[in-house]
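Here is the structure we will look at.
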Amino acid sequence: MTITVVDAEQKLKEFVQFPFDLYAADPYWVGELKADTLHLLRPENAFWKHARRKLFLAYQDEKIVGRLCALVNDTYNEYHKENIGFFGFFDCINKAEISHALFAEGENWLRAQGVSAVRGPANPSSNHPYGLLIEGFDSMPAIMMPYNYPYYADLIEQEGFGKVKDLLAFERTRNDKFSPLFEKIVARASRAKGISLRRINLKNLQQEASAIRKIYNDSWAENWGHTPISEEEIQDMVKELKPVLRVEGTCVVEVDGVPAGFYIAIPNMNHVLKILRGSLTNPIRVLRALWAWKHIRDARLIMLGIDPAHRKRGLDLVLINHIVKYGVAIWDKAELSWILEDNEGIIRAMTESGCYPIKRYRLYQKSL
């Protein structure tokens with residue numbers, strides 16, 4: 001067995017291809033378009049302007065059997081006054097000696113960067129697929145949420161990693177009910193002076209994105225593990241989401257004409273990506289994917305935020321109410337993910353709105 005540093009375009013393509021081979025027979029795993037992952041991992045991507053990384057591939061008998069990314073997110077460390085590194089893009093066959101060799105190389109590189117601990121999985125941050133699935137292996141993940149083999153937890157824990165935080169995914173169908181308390185709070189909040197709701201203007205998405213970025217960064221500022229989104233990163237997100245964003249999956253709540261909160265929900269494009277298998281080059285798969293796109297009946301709430309100046313007014317529940325009445329009305333069900341396990345306020349709001357937990361993801365950490 002050998003561990004190789006990814007230092008060329010061809011090696012990067014092999015790094016991106018490996019999970020497609022590893023999960024080829026798995027009914028639930030879904031890979032993103034390879035071109036999108038390559039774009040994310042190339043050094044010129046906006047994310048790497050404030051982060052650095054090293055990619056590793058494990059070979060056995062000249063065959064790739066594992067991969068790992070070790071990274072340092074300078075924006076995260078500066079923001080949280082911490083000194084940690086991260087691991088991500090971890091995939092491996094079920095052999096502890098291979099995962100051990102990958103983590104040993106990654107940890108050696110992180111020590112050389114001067115960090116005191118490593119956390120993950122982060123692909124590559126909390127604004128991307130985040131955490132390791134530990135509950136809910138019996139269904140396909142929602143778009144931009146991770147999926148992995150159950151044995152990954154054992155491989156990671158054998159390397160001395162322990163739980164640092166769990167993330168929860170909630171689900172709600174169109175048939176689930178609001179609690180009387182939820183309806184009472186929403187009715188009162190909606191009657192408040194100056195409150196209005198509107199859709200995001202997709203024709204002016206770049207300008208809308210700047211306002212959304214500010215609300216998002218401010219609303220999540222004190223959340224554990226949050227990494228602020230830069231202006232370049234939000235514009236990158238706009239380019240990725242614009243082809244799949246539907247106006248019916250968006251809402252801005254305004255107070256006296258000024259944006260005070262928002263949500264964005266997108267169709268669960270994993271139904272399409274599962275068919276495409278990471279590429280747009282097969283015309284038959286593309287035709288099948290287009291048909292699947294038109295018949296998607298579920299969605300994922302990917303972003304929701306309330307300006308801190310307008311908290312405790314029930315505006316978050318107003319937005320959740322809007323999602324259900326005008327979003328799930330289009331789709332049969334929606335996943336709301338992810339929520340920190342100890343965010344009691346939003347978990348209570350989810351429960352009162354008729355949502356229930358369906359998946360759990362774990363962040364691990366280890367001192368170096």
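Readers should treat all values here as calculations from the given coordinates under stated rules, not as data from a laboratory. Computed from a predicted model, the values in this text were never measured in an experiment. Every residue, glycine among them, receives a Cβ derived from its backbone with ideal geometry; neighbour counts consider all protein chains shown.
Give, as a single signed number, the net charge of other residues whose beta carbon lies under 13 Å from the beta carbon of Lys165, with Lys and Arg counted +1 and Asp and Glu -1.
Working: positive: Arg119, Lys163, Arg360, Arg362; negative: Asp166, Glu341, Asp342.
Overall, the nearby charge balance is +1.
With a sphere of radius 14 Å drawn around the Cβ of Lys95, what net charge do the other residues whose Cβ falls strictly inside it have (Lys, Arg +1; Asp, Glu -1)?
Result for the local shell: -3.
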Centroid-to-centroid separation of segment 148-168 and segment 9-35 [C-alpha atoms, Å]: 21 Å
Diffusion coefficient, µm² s⁻¹, Stokes-Einstein with Kirkwood Rh over alpha-carbon pairs of segment 2-167 at 37 °C and 0.692 mPa s: 202 µm²/s
Derived scalar couplings ³J(HN,Hα) [segment 74-79; Karplus, 6.51 cos²θ - 1.76 cosθ + 1.60; whole Hz; x for Gly, Pro]: 5, 4, 4, 5, 5, 5
Positive-end residue of Leu57, Ile93, Pro267, charge dipole of the chain with Cβ unit charges: Pro267
Extension gain, Asp21 back to Tyr151 (0.36 nm per residue minus Cα-Cα distance, nm): 45.1 nm
Only Lys, Arg (+1) and Asp, Glu (-1) charged, at Cβ; the chain dipole about Cα centre in debye: 1220 debye
Extension gain, Met1 back to Asn343 (0.36 nm per residue minus Cα-Cα distance, nm): 118.8 nm
Local electrostatic count, Lys359, Cβ distance below 9 Å [Lys/Arg +1, Asp/Glu -1]: -2
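Helices from the chain with mean Kyte-Doolittle at least 0.5 and a Cα length along the axis of 30 Å or more, per DSSP H: which?
Qualifying helices: none.
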Whole-Å distance, taken between Cα centres, linking segment 241-319 and segment 171-231: 13 Å
Full-extension gain in nm, Ala104 to Glu254, via 0.36 nm per residue minus C-alpha separation: 49.0 nm
Pairs of Lys in segment 94-249 closer than 25 Å at Cα, counting only those 8 or more apart or on different chains: 8
The chain: calculated mean residue ellipticity at 222 nm from DSSP helix runs of at least 4, using -39500 (n - 2.57): -10500 deg cm²/dmol
For q = 0.09, 0.14, 0.16 Å⁻¹, Debye-computed log10 I/I(0) when each Cα of segment 171-361 counts as one equal scatterer: -0.35, -0.84, -1.09
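What is the dipole size for segment 171-361, taken about its Cα centre, with +1 at each Lys and Arg Cβ and -1 at each Asp and Glu Cβ, in debye to the nearest 20?
Rounded to the nearest 20 debye, it is 840 debye.
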Value of relative contact order over the chain, rounded to a whole percent, pairs C-alpha under 8 Å and six or more apart: 23 percent
Calculated P(r) of the chain - Cα pairs past 37 Å, %: 20 percent
